[in-house]
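Step one of this worksheet: look at the structure below.
The values are calculated or read from the model by the stated rules, or taken from the named source; none is laboratory data. The shown structure was predicted, so the numbers you read here are calculated from the model rather than taken from an experiment. Note: ideal-geometry Cβ built from the backbone for every residue, glycine included; neighbour counts use all protein chains shown. All accessible areas refer to the heavy atoms of the entire protein, side chains included, with ligands and DNA or RNA removed. Shrake-Rupley method; radii C 1.70, N 1.55, O 1.52, S 1.80 Å.
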Amino acid sequence: MVEAILDIKDLRKSFGALKATDGVTLDLRPGEIHALIGPNGAGKSTLIHQIAGTLKPDTGDIHFLGERVNHLGVAERARKGLGRSFQVSSLAPEFSALRNVMLAVQSKQGSSFRFFKPVMHDKSLTEPAMAALERVGLKDRANVPAAELSHGERRQLEIAIALALDSKAFLLDEPMAGMGPEGSRQLTAFLDGLRQEAPILLVEHDMDAVFALADRISVLVYGRIIASGSVDDIRNDPEVRRAYLGDPA
Amino acid sequence: DPIKVGVITTLSGGGAGLGVDARDGFLLALKNAGDAAKDIEVVVEDDGQKPELAVQIADKMIQSDQVDILTGIIWSNLAMAVVPSAVAQDKFYLSVNAGPSPLAGSQCHANYFNVAYQNDNFHEAMGQYANETYKKTVIMAPNYPAGTDSLTGFKRYYKQELAGEIYTQVGQTDYAAEIAQIRASGADSLFIFLPGGMGISFMKQYAQSGVEIPVIGPGFSFSQDVLPAIGDAALGVKNSASWSQDVDNEASKKFVETFQAEYGRLPSIYAAQAYDTGSLIVSAAGKASVKDADAFRTALKAAEFESVRGKFSFNTNNHPIQDIYVREVIKDGDVLTNKIIATAFTDHGDAYAEQCALK
Amino acid sequence: MNLSRENWVSLLLLALLLALPYAAIKFGNPFYVTLATRMAILGLAAVGLNIALGLGGLVSFGHAAFFGIGGYVAGILASHAMSMQPLNFGLFTLPGSNQMPTIWLFAMLVGGLLAAAIGTISLRTSGVYFIMITLAFAQMTFYFAISWPAYGGEDGLSILMRNQFPGFNTMVPLNFFLICYGVLVAALILFALIKNSRFGAALQAARQNEVRVASVGIAPFRIRLVAFVLSGMIVALAGALYADLNRFVSPSMLSWHMSGEFIVLIILGGVGRLAGPVAGAMLFVMFEFLLGGLTERWQFFLGLVLLGVVLFARGGLVGLLAGRQRHG
Amino acid sequence: MQTALFIEQLLNGLQLGVMLFLMAAGLTLIFGVMGLINLAHGSLYMVGAFACATVAAYTGSFWLGLIASLAAAAAAGAIIEILVIRRLYERDHLDQVLATFALILVFSEGTRWLFGSFPLYLDIPPLLQGTVPLPGGSRYQLYRLAIIGVGVAVAVGLFLLITRTRLGMRIRAGESDREMIGALGVDIRTLYTIVFALGAALAGLAGAMVGALQSVQVGMGEPALILAFVVIVIGGIGSIRGALVGAVIVGVVDTMGRFLLPQIFGLFMNASQAGIVGGALASMLIYIVMAVVLAVRPQGLFPAAKG
Amino acid sequence: MLLELKGLETFYGASQALFGVELDVAEGEVVALMGRNGMGKTTTIRSIMALTPAKSGSVRFGGKEIRTMAPYKIARLGLGLVPEGRRCFSNLTVAENLIAAARPGRWNIAEINRLFPRLAERRDQMAKTLSGGEQQMLAIGRALMTNPSLLILDEATEGLAPVIRNDIWAVIRTLKAEGQSILIVDKTLSELLPCADRCFVLEKGATVWRGKPEQLTPEIQDRYLGV
Ligand SMILES: Nc1ncnc2c1ncn2[C@@H]1O[C@H](COP(=O)(O)OP(=O)(O)OP(=O)(O)O)[C@@H](O)[C@H]1O
Ligand SMILES: Nc1ncnc2c1ncn2[C@@H]1O[C@H](COP(=O)(O)OP(=O)(O)OP(=O)(O)O)[C@@H](O)[C@H]1O
Ligand SMILES: [Mg+2]
Ligand SMILES: [Mg+2]
């Protein structure tokens, strides 16, 4: 069996009486898209937050690239190669799309404690950033402030940022949300290729995309993984149908 | 020769009342002098009780307005900021109120004249009075140089037992804790130095608390500018000052009368001191040209003017030698005011004169 | 690099400030040299604060602490140089100094250390809490200075002779102005470089969206702390110059009014803009001086003017002149 | 004797705390609920005190003065809300700081223009003069007890208003998303004017009540403002409960510091030295407490739920 | 017509987002507003509510011109908005969110709880700690609490689990059956089209197509919606 890139063991997190994460064990292996689905409020975002470091788990282990990262902060994990997108877009609103991506490039290149060289004249920053924008199809909008982008464009920008980080693994929280059919199709194709670069933990409610992309699917309900397996396993699991998919319309 | 006088004083912010009185008193002196003052030109500016603003105005008055004499500053910290550099630039400075000890002692200067008092004087007078009257005094002042100086000045003459020494915060507004301590101290008298709003707040709260230990203090907290705000709570307080409106001399009577006519209120001690400063300048201007610094200095030092304080002369360090009275707050009809009840010192100088190099 | 409109405005303002004292001397009103010096120094302080506030969004209501500390370093070193008594720190002693470069170095060092200490604690908070905790620290230094008798307490500390700068007679107002002006220009260049640098990018992004910055792998705390320290150092340097301008330091340099004034300068001129602080300082000192000369009620009118600026001239003076800010 | 004094001082601290709460209540209402930093709160406090003193002097009745103080401060609040504050909700804290800083200047100088530079007279009403006996033999001022009563009533009233009424919910909703509450049909503009006027009226009430104990003068609002800020920041902004707790902490710490520190230093210095050093430390004490609280709990003791 | 837009032009600052949008909704009708990302659907809705008032054109509701009215007055006329991105009042509890919006009429807390039992379970939880789907339900519930005569839904099923999405579509169908007028923006065409009475398609800020859902041929879908 291949060594997992991301390995989560028996993770637990409660908010008061609510067990938002209740003993979750899952891993992410090279080259795969591992989809995480489940009803609203099942704890998917909470899990992503814990992996990315914005929330502290109560107990359990998170290993990334063979190293335990529980004690690391958000920034340190990101530098190690955990790229993420947010369920609700989170960008620097006054900065242009390009500068938003450049920030990621700069972080990836190392020190942000450089005080003198102007960034906009630094090809080692602008070029990779432009390339990332081009890959998500935002090249034309490079100089538009993030605040003025439409909803869908902001989602694309988030992906571009994660790309620019050259991540070793992607945590994508509902990247399709708000994208039109066309956008979804493009993004699906794009993620399909992306898995070769780094595996993806994909939280998504768009079942067409999930079924098209996922190598494995885990289903989270009330903080527990109730099923895990291939697309077909999951599609036919009666429990999953009841708790999540509903009867096909 | 024409003389140009720059008045830097506090006309805005919390301490404006004092500055307004000083300015009004000063201008009144020139007005009352009539023709004798016609060559004296005055510029007035507000320092907002900020030292750096005072310095800036002083610079401006010296450099742009080319004044010959500066005066008007109320507060010691502002005086410390302005006076040393002004006199170093060969200007005269005449203090209408502030009298910090360095300027009386080690940093005294031939061009610096204090027409008011040295800061310790009124406290010393109260120490002297308490020494004769009480056995066990508790003393209280804010925790800053003027406050510590005050208690030092008091203790210089008070040799009886101290029932306690309380330092309050600068700008403090609630004194319940201190009043409880005073009540518990078993003292037979209380000396306070709490200038401005602090004194008003304290006296009101003290009266309301029902503690009946008699209060004494320097005249600042019981001067005409604050008495209306304290109200009856101030009645009976003994306080020290070099002047009171019932001082029996012609100059003072004229001053009080004209001040009331001109401004519609009773003058405070700040007004009186500033009035004397104005009169002093007029007297010196009559004798010498301000352009002849030595002659003018001599004319100032002679102090030949009609002081509202009666007798007035300068010590070797250019600080006053004067009588200091003990006054009591009384009610004259509806108006609260002070009445002289004793003289604490006659011809009193200050403790720092010997540290001063001037002869 | 061709000059943007904003850069033109900046150059124009600097040229104006430089011309003021020469014009003053020519037209026989030497006091304006002092006024221009004051503008330069307050402008310098505001440039310092602008790093934290304009770029980093760290609304510090306590920068008077650094300003005052800089001033006291100057005052204390000078007074010890005067009295020839070394400062005694228990473990070691230090001679006083009346040389500006030495004094500046110490002012920046002490200011920086203080900023590091205050920043480390304060930066854990954000928003209004940050405003208030910085104020709290400044108030502590203020009350300390008032009641600490060794260096004058509330009465302050006089510097009898203005400190010296190699090759200049600093007592000549114009010379002292040029020194302050030089320091101001240096600080402005530093600010411009920082603003466009990687550090500046991270700092500005952290102001807009802290979570985003962290999740690309840049820890906002360290970026902000460095910005805060830099900012404190520049303000301390301004404080040292201010002490020399007035030849006097007092706790009022540490008061919350002073902190408020710095913020006012920046907003008046334009937040985060290169020349904003300079424009603000020029405007403010002018207002204060002219209104103060016109009427005793000048604070009333100053208040109205400030209100007008906040409500109707968003982006401050530089915003009016150079248009809205573009973030590349 | 020492224990009796100690208890009395504790009570003094408590009472100072409630007094501080009274000053802070309006501020935390405006600040926490509407998200606005109002440095001019101290000016409204001053307006209340001046209105009370003036009307009390004319009519001879403190109570009419008290009513006048509420009315004057509320009116002043409504006017500045409509002319100035209204344009600032959408802006960041920075603009709010500057605009309300400017208002302080306008109010202070304006008040001096109208009333002159000298402090006004205001005394407590005859009804509340005198003292009541305390268990243990000492006596406590009636008026200060009344302040405690009013403070607690204000705390409870505000708490209920904000948490239990629909008005309170709408105000809080406006803080979280102003545009959205408007889109749901709530006239948030008028609502905010009312809330601001209410906050101002509370400031005015505090000014009048505290003014009877202190000096009614221009500039009296500033120390009150800073203390009020310390109080609500320690307590957690926007939390009425926090403001009350914060105020009591500040009151007790301040009083006990002033009382005990000189005595503690007195154990190993002479009385004069101890007074100076202890006093110096006492004056910094509340700021030290505030820094410590925020260092440990960056959102204050009772972080109000915020977006 | 209940709602009628003519020649609507709207700007964000200097940049124009709408270039003459035409749209109308009749009483009791469900109208779908469609278009690709960034074509101006949300902006149209913001202009109806005057959150970003249109520079020119007309917005008539119940025969009354409302283009420049204050948003709260428009809402009181009977427009209920479920905005893009939910925008629940994060510092209020679920119950408080609902109460804050309430106006008298058929919908009250009990009715909302019946519609969304999930919200009843979470009634005292702060809105900001709700999951995305829970927030979406709350946003719909909140708009219903105003008892609107026209309900406007902007991407109301975004980010919902299929089961819940089904539920919400069921709710929408129920509302429709009860005669509620609805203007709806959604990307799930498979659900939207069967439900809608009429469709409008926006491109680059202008109405480029209007008609019945069954007239929306695959060619048109491909051209304007990229399906
Ligand atoms: N800070 C918090 N305090 C209390 N409860 C919380 C907090 N954060 C999340 N929860 C609760 O934890 C549960 C899981 O939330 P989470 O956002 O992880 O769901 P999710 O699976 O991402 O849902 P969705 O698909 O709707 O986004 C929800 O019931 C939510 O209300
Ligand atoms: N606040 C804003 N400032 C400037 N431009 C904006 C703003 N919001 C939207 N825009 C621009 O207006 C246009 C229309 O955007 P709008 O949000 O209305 O599109 P939409 O059809 O709702 O798209 P989506 O399906 O992505 O939500 C876009 O080009 C967008 O970039
Ligand atoms: Mg989620
Ligand atoms: Mg949209």
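Per the helix-only calculation at 222 nm, which mean residue ellipticity applies to chain C, given -39500 (n - 2.57) for every DSSP H run of n ≥ 4 and division by its residues, nearest 500 deg cm²/dmol?
-23500 deg cm²/dmol
With equal scatterers on the alpha carbons only and no solvent term, can you work out the Debye log10 of I(q)/I(0) for the range E:141-227 at 0.16 1/Å?
-0.70
Alpha carbons only, please: Rg and Dmax for the range D:178-307, in angstrom.
19.4, 69
Find the sum over both chains of the accessible area lost when C and D are paired, probe 1.4 Å, and report it in Å² to the nearest 100.
Working: alone 15970 and 14710 Å², together 26640 Å².
About 4000 Å² of accessible surface is lost on pairing.
Taking all pairs of different Cα atoms in the range A:167-249, averaging 1/r and flipping that mean, what Kirkwood radius in angstroms comes out? Could the numbers behind the result be given before it?
On the way: mean 1/r = 0.0734 Å⁻¹.
Kirkwood hydrodynamic radius for the range A:167-249: 13.6 Å.
What's the carbon and sulfur percent of the protein assembly as shown's accessible surface, probe 1.4 angstrom, rounded to a whole number? Kindly include the intermediate steps, with their values, before the conclusion.
Working: 29430 of 50240 Å².
In the protein assembly as shown, the share of accessible area belonging to carbon and sulfur is 59 percent.
Mind checking the per residue accessible area of the range D:228-284 for me, 1.4 Å probe, whole number of Å²? Before the final figure, lay out each step's value.
On the way: 1720 Å² over 57 residues.
Using a 1.4 Å probe on heavy atoms only, each residue of the range D:228-284 averages 30 Å².
How high is the relative contact order of the range C:5-322, in percent, counting Cα pairs under 8 Å that sit 6 or more residues apart? Show your work: numbers first, answer last.
Working: 539 pairs, mean separation 105.8, N = 318.
The normalised contact order for the range C:5-322 reaches 33 percent.
Find the accessible area per residue for chain A; the probe is 1.4 Å, ligands and nucleic acids are left out, and the unit is Å².
Accessible area per residue: 40 Å².
Compute the Rg to Rh ratio over the range B:32-77 from the alpha carbon atoms, using the Kirkwood formula for Rh, and round to two decimal places.
On the way: Rg = 12.5 Å, Rh = 12.0 Å.
With Rg and the Kirkwood Rh in hand, the quotient comes to 1.04.
Just in the range C:1-47: which trypsin sites (Lys or Arg not before Pro) are loop by DSSP and have at most 14 other Cβ atoms within 10 Å?
Working: sites: C:Arg5, C:Lys26, C:Arg38; in loops: none.
For trypsin sites (Lys or Arg not before Pro) across the range C:1-47 that sit outside H, G, I, E and B with at most 14 neighbouring Cβ atoms in 10 Å, the list is empty.
Using a Gaussian network model of chain C whose springs link C-alpha atoms within less than 10 Å, name the residue from C:Ala136, C:Ala15, C:Ala238 with the highest mean-square fluctuation.
Greatest mean-square fluctuation among the candidates belongs to C:Ala15.
Which three extents, in angstrom, do the Cα atoms of the range B:254-359 have along their principal axes, listed largest first?
50, 33, 16
Amide H of B:Ala342 versus every other amide H placed in the peptide plane: which residues, excluding those fewer than 5 positions away on the same chain, fall under 5 Å?
Long-range HN contacts for B:Ala342: B:Val326.
Which of D:Ser108, D:Ser117, D:Ser61 moves the most in a Gaussian network model of chain D with Cα springs under 10 Å?
Evaluated over chain D, the most mobile residue of the options is D:Ser117.
In µm²/s, what is D for the range A:86-166 at 37 °C and 0.692 mPa s, where D = kT/(6 pi eta Rh) by Stokes-Einstein and Rh is the Kirkwood radius from Cα pairs? Spell out each step's value before the answer.
Values: Rh = 12.5 Å.
My calculation gives 263 µm²/s for D.
Below 8 Å between Cα atoms, with a sequence gap of 6+, how large is the relative contact order for chain E in percent?
On the way: 447 pairs, mean separation 64.5, N = 227.
It rounds to 28 percent for chain E.
For chain B, place one equal point scatterer on every Cα, skip the solvent, and apply the Debye formula. What is log10 of I(q)/I(0) at q = 0.07, 0.11 Å⁻¹?
-0.28, -0.69
Would you mind checking the radius of gyration and Dmax of the range D:21-95 based on alpha-carbon positions, in Å?
Using the Cα atoms of the range D:21-95, the pair Rg, Dmax is 14.0, 45 Å.
Starting from the Cα-Cα distance between C:Leu105 and C:Thr295, subtract it from 0.36 nm times their residue separation and give me the gain in nm to one decimal. Intermediate results must be reported in sequence, preceding the final value.
On the way: separation 190, 0.36 × 190 = 68.40 nm, distance 4.09 nm.
Extending this stretch completely gives an extra 64.3 nm.
With the calculation restricted to Cα positions, what are the radius of gyration and Dmax of the range C:1-151 in angstrom?
19.1, 56
What does the convex hull of the alpha-carbon atoms of the range B:263-310 project to on average, in nm²?
Values: hull surface 15.7 nm².
Mean shadow area of the hull around the Cα atoms is 3.9 nm².
Could you state the number of Å between the C-alpha centres of the range D:154-171 and the range B:32-51?
Spelled out, the Cα-based centre of one part sits 57 Å from the other.
Compactness ratio of chain A: Cα Rg over 2.2 N^0.38 Å, N = residue count?
Values: Rg = 18.2 Å, N = 249, 2.2 N^0.38 = 17.9 Å.
For chain A, the normalised Cα radius of gyration comes out at 1.02.
I need the helices of chain D that pass two filters: whole DSSP H segments spanning 18 Å or more by Cα along the axis, and mean Kyte-Doolittle score no lower than 0.5. All intermediate terms of the calculation are to be shown ahead of the outcome.
Values: long enough: D:2-28 (37 Å, 1.25); D:41-59 (27 Å, 1.03); D:62-83 (31 Å, 2.02); D:93-115 (32 Å, 0.97); D:142-164 (32 Å, 1.97); D:188-211 (33 Å, 1.64); D:221-235 (21 Å, 2.28); D:240-266 (39 Å, 1.36); D:271-296 (35 Å, 2.03).
Helix filter hits for chain D: D:2-28, D:41-59, D:62-83, D:93-115, D:142-164, D:188-211, D:221-235, D:240-266, D:271-296.
Only four residue types carry charge here, +1 at the Cβ of Lys and Arg and -1 at the Cβ of Asp and Glu. Report the dipole size of the range E:3-224 about the Cα centre in Debye, rounded to the nearest 20. Could you put the intermediate results ahead of the total?
Working: 29 positive and 25 negative charges, 111 e Å.
In total the dipole reaches around 540 debye.
I want to verify a result. In a Gaussian network model of chain D, Cα cutoff 10 Å, which of these has the top mean-square fluctuation: D:Glu179, D:Glu222, D:Glu81?
It is D:Glu179.
Starting from 0 in steps of 5 Å, tell me what percent of the Cα-Cα pairs of the range E:3-224 lands in each bin.
1, 7, 15, 19, 20, 17, 12, 7, 2, 0
Under 13 Å from the Cβ of D:Arg170, count the other residues' Cβ atoms, weight Lys and Arg +1, Asp and Glu -1, and hand me the total. Walk me through the numbers on the way to the answer.
Values: positive: D:Arg164, D:Arg166, D:Arg172, D:Arg178, D:Arg189, E:Arg103, E:Arg142; negative: D:Glu175, D:Asp177, D:Asp187, E:Glu96.
Charge balance in the 13 Å sphere: +3.
For a Förster distance of 25 Å, can you work out the FRET efficiency between the beta-carbons of D:Arg139 and B:Ile341, rounded to the nearest 0.05?
Numbers: r = 31 Å, r/R0 = 1.26.
Computed FRET efficiency for D:Arg139 and B:Ile341: 0.20.
At what distance in nm do the modelled label points of A:Asp215 and B:Ala293 sit from each other, each positioned 7 Å from its Cα along Cα→Cβ?
About 9.2 nm separates the two model spin labels.
Given the protein assembly as shown, report the % of alpha carbon pairs whose separation exceeds 53 Å. Present the calculation step by step, with values, prior to reporting the outcome.
Values: 378694 of 1079715 pairs.
Roughly 35 percent, rounded to a whole number.
In whole angstrom, how long is each semi-axis of the equivalent ellipsoid of the range D:95-254, when you take the square root of 5 times every eigenvalue of its Cα gyration tensor and sort them from largest down? Display every interim value, and only then the final one.
Values: eigenvalues 199, 108, 44 Å².
Each semi-axis is √(5λ); the values are 32, 23, 15 Å.
Lys and Arg at +1, Asp and Glu at -1: add these up for the other residues within a Cβ distance under 15 Å of B:Tyr325 and post the number. Before the final figure, lay out each step's value.
Values: positive: B:Lys238, B:Arg309, B:Lys311, B:Arg327, B:Lys339; negative: B:Glu124, B:Glu132, B:Asp246, B:Asp248, B:Asp323, B:Glu328, B:Asp347.
After counting each charged neighbour, the total is -2.
Write out the trypsin sites (Lys or Arg not before Pro) in the range B:98-198 meeting two conditions: DSSP loop, and at most 15 other Cβ atoms within 10 Å of their Cβ. List each step's numbers first, then the result.
Working: sites: B:Lys135, B:Lys136, B:Lys155, B:Arg156, B:Lys159, B:Arg183; in loops: B:Lys135, B:Lys159.
Listed in order of number, the matching sites are B:Lys135, B:Lys159.
Just to confirm my numbers, what's the Cα centroid distance between the range D:184-254 and the range B:198-226 in Å?
Value for the Cα centre distance between the two parts: 28 Å.
Using alpha carbons only, how many angstrom separate the centre of the range B:315-359 from the centre of the range D:1-41?
Using only Cα atoms to place each centre, the spacing works out to 42 Å.
Using a cut-off of under 16 Å, list every residue of the range B:307-326 whose amide N is near the label point 7 Å from the Cα of B:Ala357 along the Cα-to-beta-carbon line.
B:317-318
Give me the orientation-averaged projected area of the Cα convex hull of the range D:2-219, in nm², one decimal. Walk me through the numbers on the way to the answer.
Details: hull surface 54.8 nm².
Hull-based average projected area comes out at 13.7 nm².
When the Kirkwood hydrodynamic radius is evaluated over all pairs of different C-alpha atoms of chain C, what value in angstrom, to one decimal, is obtained?
Working: mean 1/r = 0.0497 Å⁻¹.
In chain C this quantity evaluates to 20.1 Å.
Excluding ligands, DNA and RNA, what is the solvent-accessible area per residue of the range D:2-219 at a probe of 1.4 Å, expressed in Å²?
Numbers: 7020 Å² over 218 residues.
I get 32 Å² per residue for this part.
Can I get the semi-axes of the range C:122-167's equivalent ellipsoid? Compute them from the C-alpha gyration tensor as square roots of 5 times the eigenvalues, in angstrom, largest first. Don't jump to the answer; show the numbers that get you there.
Working: eigenvalues 202, 63, 9 Å².
In descending order, the three semi-axes are 32, 18, 7 Å.
Once you have the Kirkwood Rh of the range D:78-178 from its Cα pairs, apply Stokes-Einstein at 20 °C and 1.002 mPa s and quote D in µm²/s.
On the way: Rh = 18.3 Å.
For the chosen part, D equals 117 µm²/s.
Between chains A and C, what is the buried accessible area in Å², counting both sides, with a 1.4 Å probe and ligands, DNA and RNA left out, to the nearest 100? It would help to have the intermediate numbers written out before the result.
Numbers: alone 12340 and 15970 Å², together 25300 Å².
Accessible area lost upon association: around 3000 Å².
Binning at 5 angstrom from zero up to the longest distance, how are the C-alpha pair distances of the range D:217-269 distributed in percent?
Per 5 Å bin, starting at zero, the Cα-Cα P(r) for the range D:217-269 comes out as 5, 20, 17, 17, 15, 13, 8, 4, 1 percent.
Where a ≥ b ≥ c are the square roots of the eigenvalues of the C-alpha gyration tensor, would you call the range C:81-166 rounded, which needs a/c under 1.5, or, failing that, prolate if a/b is larger than b/c, or oblate?
Details: a/c = 2.22, a/b = 1.79, b/c = 1.24.
In terms of gyration-tensor shape, prolate.
Averaging sequence separations of C-alpha pairs under 8 Å and six or more residues apart, then dividing by the length of the range A:86-166, give the relative contact order as a whole percent. Before the final figure, lay out each step's value.
Details: 90 pairs, mean separation 39.0, N = 81.
Relative contact order, the range A:86-166: 48 percent.
Please compute the net charge surrounding C:Ala78, taking Lys and Arg as +1 and Asp and Glu as -1 over other residues with Cβ under 13 Å from its Cβ. Show your work: numbers first, answer last.
Working: positive: C:Arg162, C:Arg247; negative: C:Asp244.
Combined, the nearby Lys, Arg, Asp and Glu give +1.
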